[in-house]
């Protein structure tokens, strides 16, 4: 039985005070007692504040929003997996649609980042998903399949052993639009089936999260689908009450 997971991607939001208050409010609200595995991913400068606020709370994990493919060196402005691990991170988001669209990260680059994350002992949260144009052209499975295949071709299907996949339809991120439970389930089932071609055990065990305007009022319906194992939450993760409601809906 796969334990559900809810990961909060704060994106480029917050401050020291905001981070301290949000972590405190989550703990006070009982986030530690959620049945779901909970991960919070603040911006890099506030990882230390979040870590201090969690104070060793083993029920809430810390994650980074991105990492560089290199272990160290002359790469000004980048952050390595080892640095994230040193700050107490257990997870890292890889290949988010914003990284792909705004910073030109192609499938090969994302596969390299999965490799770097695993080498640093981090669990990658690998994001996959299609744009509105690609969905309307009936290319969802082709696009998502290619994103998965790039990792398999570079690293083997064993790279998905312990990795988390997050399906995020780009057309539903920050737009207020949400894939229906049926639409999301269809893609999640496709993802699991694609991995099952290579290794049925890996496919059965992997957590596949949904990310795309998940809110307290739609979370339970989405998470009730058989192949949706939780959510990668954007805007709603910035409000303690909303994030707690989503975490409780997953458990």
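Nothing in this text is a laboratory measurement; each read-out follows from the coordinates by a stated rule. Predicted model only: the values in this text are computed from it and were never measured. Don't worry about glycine lacking a Cβ; one is built from the backbone with ideal geometry, like all the others, and counts go over all protein chains shown.
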**Message:** I'd like the FRET efficiency for residue 146 and residue 177, computed as 1/(1 + (r/R0)^6) with the beta carbon distance as r and R0 of 25 Å, rounded to 0.05.
**Reply:** 0.60
**Request:** Mind jotting down the distance between the C-alpha centroids of segment 215-251 and segment 26-72, whole Å?
**Result:** 17 Å
**Message:** Restricting to DSSP H runs of at least four residues, report the calculated mean residue ellipticity at 222 nm for the chain, -39500 (n - 2.57) per run over all residues, nearest 500 deg cm²/dmol.
**Reply:** -12500 deg cm²/dmol
**Asked** So how far apart, in nm, are the two label points at residue 224 and residue 82 if each is 7 Å from Cα heading toward Cβ?
**Response** 4.9 nm
**Complete:** From the Cα centre of segment 134-188 to that of segment 88-102, the distance in Å is 14 Å
**Message:** Among 203-211, 68-76, how do they line up by average Cβ neighbours within 10 Å per residue, starting with the highest?
**Reply:** 203-211, 68-76
**Asked** According to a simple spin-label model (label point 7 Å from Cα along Cα-to-Cβ), what is the distance in nm between residue 102 and residue 239?
**Response** 2.2 nm
